[in-house]
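Trainee: Right, I'll just put the structure down here and ask away after.
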Amino acid sequence: MKPSGARGSHRILPPLPAWARYVVAGFIAACFAYAIWLLNRIEQADGEPDIVLEKRVTVPALDDDILAETADATRRDRLLVEQAPLAHLLAEALDVGPSVAAALDIPSEMVPIADLRAAIADWRLRWLWYEGQLVHLIGPRGGHPVEGYSVYEATIRLADGEAVIAAFSIPPDGPGVAVGDWVRVEGYLLKLRDTTYPEKLNAAPMLVGRSIQRDYEDWDEVTALDPELLATLDDSSMWPGDLAWRDVEDDQTEALWHLGAFARDTADDWTLADWRKIEPLSVAEPYDRLVAGEVARGEPMRVFGTLIRRRTVAAPANPANIRFWTSAWIQASSFGGHLIPVWVPGEVGQLPLRAQLEVKGYYYRWYVYDSQQGKRYRVPLFVAADLDEFDLKTGERMKEIGGWLAGGALLLVIGLLWGQRRASRAALAHSRDMDKRRRKRREASAGSAP
């Protein structure tokens, strides 16, 4: 007979054995542990960076009234060069470096000359570039609007036989900048110009820029690092020398071009599994080896962090055929929250700020920066083929976890249904038992009645 206190009480779920309770508790604890691990693994980088990373690029303000004097509709117009527009552009072009050129939307490829002639009004005053053989060089001569500068004029023969005329201010005194050499010119497109001397030209584009640069014969794909070439970058006495402070615009050397081309040309040769075998940058052993000089230039290393800022600049002429450089700053929590510079030889796709990155880079050299609080930091600088978002493989893991949760939920539902069915049967049996007892009591009461 059931105790009176237990009469009418029924369990929704059947009692679980001890081992099953431990399994359920362990499953719930594992879910919480995974959630905490997931939150900690994704670096939030809530702290503000110590330096202002994004430099505001100011583009020259051109005077439309002065430039309106330019005309090239007739041959007479094209034989003349309006001095006021030329002087104005020469002065403004002095401030156009690679960063400003990128802000001026310099094309990634040379614009065909035929396209310029067909729509000169659309292309006029755009910052363009061309490369070819230097066939004529005139200057220095007076008439420059800025004291201390002279006017130079060059004629460039392109590979397709077309010609471009360029006026510039900085003397071409670098190596390899002489008649017959392969050069590159950039500048504002002033007008179409005709010349009769020293060469007869018809409707040749005239650019007005700041300098003429040596260009190079393009390298083949770089699939192996050259230690001797990388060793030409001597940073043994760089602290606190000038090299450590150079941005990507100022550090254009063959060593950088070589390492950038290697990162770009071998990017498809590395799988994610290959990179996951490479140690990440941290304040532990990798940093100690860096300080001790045991990390060779070009050694691969991974950098985990948050994208703080980035900017893209046009690259100067180089044999690696690198058209743009992207300079990015990564806040690495595994490196004490310091900012790690990464240079990418190309333009990077759209990435939101605070994106979590796993940079697969190669060590280049040390970099020094001062924080807004006046602290000076020395951090390693890396060159990478791209800025890759950190892929936690959450889709696959969530599918796996979802399968386990679905299985657990199914077992829970089955347990509920089974318990409910058992409780219903017990309630029905109890009800029948109570009815039977009531009938017996009624029968007993009727038999004892007078």
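The values are calculated or read from the model by the stated rules, or taken from the named source; none is laboratory data. This one's a predicted model, so the numbers in the text were calculated from it and none came from an experiment. Reconstructed Cβ throughout: ideal geometry from the backbone, glycine too, with neighbour counts over all protein chains shown.
Trainee: When the residues of the stretch 346-385 are narrowed to those that are assigned to a loop (DSSP other than H, G, I, E, B) and either touching a strand residue (DSSP E or B) at 6+ places or on another chain (Cβ under 6 Å) or among the aliphatic types (A, V, I, L, M) (or both), which ends up surrounded by the fewest Cβ atoms within 10 Å (Cβ to Cβ)? Give the derivation first.
Mentor: Taking the stretch 346-385 as the starting set, the residues that turn out to be assigned to a loop (DSSP other than H, G, I, E, B) are 346-355, 371-375, 385.
If we keep only those that are either touching a strand residue (DSSP E or B) at 6+ places or on another chain (Cβ under 6 Å) or among the aliphatic types (A, V, I, L, M) (or both) as well, we get 346-348, 351, 353-355, 385.
Working: G346: 17, E347: 13, V348: 17, L351: 15, L353: 9, R354: 13, A355: 17, A385: 21.
Among them, the one singled out is L353.
Trainee: Does G143 satisfy the criteria of being in contact (Cβ under 8 Å) with a residue 40 or more places away in the chain, in a loop (DSSP other than H, G, I, E, B) and either assigned by TED's automatic domain parsing to the domain that holds I120 or crowded, with 17+ Cβ neighbours inside 10 Å (or both)?
Mentor: yes
Trainee: Still on this model: Can you tell me which residues in the stretch 219-249 are modelled with pLDDT under 85, over 20 Å from L290 (Cβ atoms) and under 25 Å from the mean Cα position of the chain (by Cα)?
Mentor: E249
Trainee: Test A167 against the stated conditions and say whether it is assigned to a strand (DSSP E or B), in contact (Cβ under 8 Å) with a residue 40 or more places away in the chain and touching an Asp or Glu at 6+ places or on another chain (Cβ under 7 Å).
Mentor: Answer is yes for this residue.
Trainee: Would you pick out the residues in the stretch 69-86 that are in contact with a helix residue (DSSP H, G or I) (Cβ under 8 Å, 6 or more places away or on another chain) and in a helix (DSSP H, G or I)?
Mentor: Within the stretch 69-86, A84, P85 meet the criteria.
Trainee: Turning to a different aspect of this structure: Go through the stretch 98-124 and give me each residue that's surrounded by fewer than 18 Cβ atoms within 10 Å (Cβ to Cβ) and touching a residue at least 60 places away in the same chain (Cβ under 8 Å).
Mentor: Hits for the stretch 98-124 are S108, R117, I120, W123, R124.
Trainee: Sticking with this structure for a sec: Could you list, in sequence order, the residues of the stretch 164-183 that are in contact with a strand residue (DSSP E or B) (Cβ under 9 Å, 6 or more places away or on another chain) and surrounded by fewer than 22 Cβ atoms within 10 Å (Cβ to Cβ)?
Mentor: I170, P171, P172, G174, P175, G176, V177, A178, V179, G180, D181, W182
Trainee: Pairs under 7 Å by beta carbon, first residue closer than 16 Å to A255 by Cα in the stretch 303-327, partner in a loop (DSSP other than H, G, I, E, B) and among the hydroxyl-bearing types (S, T, Y), six or more apart or different chains?
Mentor: Between residues of the stretch 303-327 that are closer than 16 Å to A255 by Cα and residues that are in a loop (DSSP other than H, G, I, E, B) and among the hydroxyl-bearing types (S, T, Y), the close pairs are A317/Y216; N318/Y216; P319/Y216.
Trainee: Hey, does the stretch 300-307 have a residue that's under 24 Å from D242 (Cα atoms) and either in contact with a Gly (Cβ under 9 Å, 6 or more places away or on another chain) or among the charged types (D, E, K, R) (or both)?
Mentor: Residues of the stretch 300-307 that are under 24 Å from D242 (Cα atoms), as a first pass: none.
Looking for residues that are under 24 Å from D242 (Cα atoms) and either in contact with a Gly (Cβ under 9 Å, 6 or more places away or on another chain) or among the charged types (D, E, K, R) (or both), one finds none in the stretch 300-307, hence no.
Trainee: Right, another one. When only residues in the stretch 315-343 that are of a type in the set (A, V, I, L, M) and touching a Gly at 6+ places or on another chain (Cβ under 8 Å) count, which is nearest to M110 (Cα to Cα)?
Mentor: Filtering the stretch 315-343 for residues that are of a type in the set (A, V, I, L, M) and touching a Gly at 6+ places or on another chain (Cβ under 8 Å), the one nearest to M110 (Cα to Cα) comes out as I322.
Trainee: State yes or no: is A449 farther than 30 Å from I28 by Cα, of a type in the set (A, V, I, L, M) and either at pLDDT below 70 or not in a helix (DSSP H, G or I) (or both)?
Mentor: So A449 fits the description; yes.
Trainee: Of the conditions (1) free of Cβ contacts under 8 Å to residues at least 40 places away in the same chain; (2) assigned to a strand (DSSP E or B); (3) β-branched (V, I, T), V185 clears all except one; give me its number.
Mentor: (1)
Trainee: Still on this structure, please answer the following. Kindly provide the set of residues from the stretch 272-288 that are at pLDDT below 85 and in a helix (DSSP H, G or I), ordered by number.
Mentor: E285, P286, Y287, D288
Trainee: Does S150 fit the bill of being among the polar types (S, T, N, Q) and out of contact with any Pro (no Cβ under 8 Å at 6 or more places or on another chain)?
Mentor: no
Trainee: Right, next: Going by the conditions given, is D46 at pLDDT below 60, surrounded by 13 or more Cβ atoms within 10 Å (Cβ to Cβ) and within 42 Å of the chain's Cα centre (by Cα)?
Mentor: It is false that D46 is at pLDDT below 60, surrounded by 13 or more Cβ atoms within 10 Å (Cβ to Cβ) and within 42 Å of the chain's Cα centre (by Cα).
Trainee: Follow-up. Any residue at all in the stretch 90-109 that's in a strand (DSSP E or B), at pLDDT 90 or above and not assigned by TED's automatic domain parsing to the domain that holds I340? So that I can check it myself, show each step before the final result.
Mentor: To start, the set of residues in the stretch 90-109 that are in a strand (DSSP E or B) comprises none.
No.
Trainee: Check Y362 against each of (1) over 30 Å from E109 (Cα atoms); (2) of a type outside the set (A, V, I, L, M, F, W, C); (3) touching a residue at least 24 places away in the same chain (Cβ under 8 Å) and name the one condition it does not meet.
Mentor: Only one criterion is unmet by Y362, namely (1).
Trainee: List the residue pairs whose Cβ atoms are under 6 Å apart, where the first residue sits in the stretch 368-380 and is in contact (Cβ under 8 Å) with a residue 12 or more places away in the chain, the second is of a type in the set (G, A, S) and outside any strand (DSSP E or B), and the two are 6 or more positions apart or on different chains.
Mentor: V368/A244
Residue by residue, here is whether (1) crowded, with 21+ Cβ neighbours inside 10 Å; (2) more than 15 Å from the chain's Cα centre (by Cα) holds:
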position	(1), (2)
A296	no, yes
P300	no, yes
V303	yes, no
L307	yes, no
T312	no, no
A315	yes, yes
N321	no, yes
F324	no, no
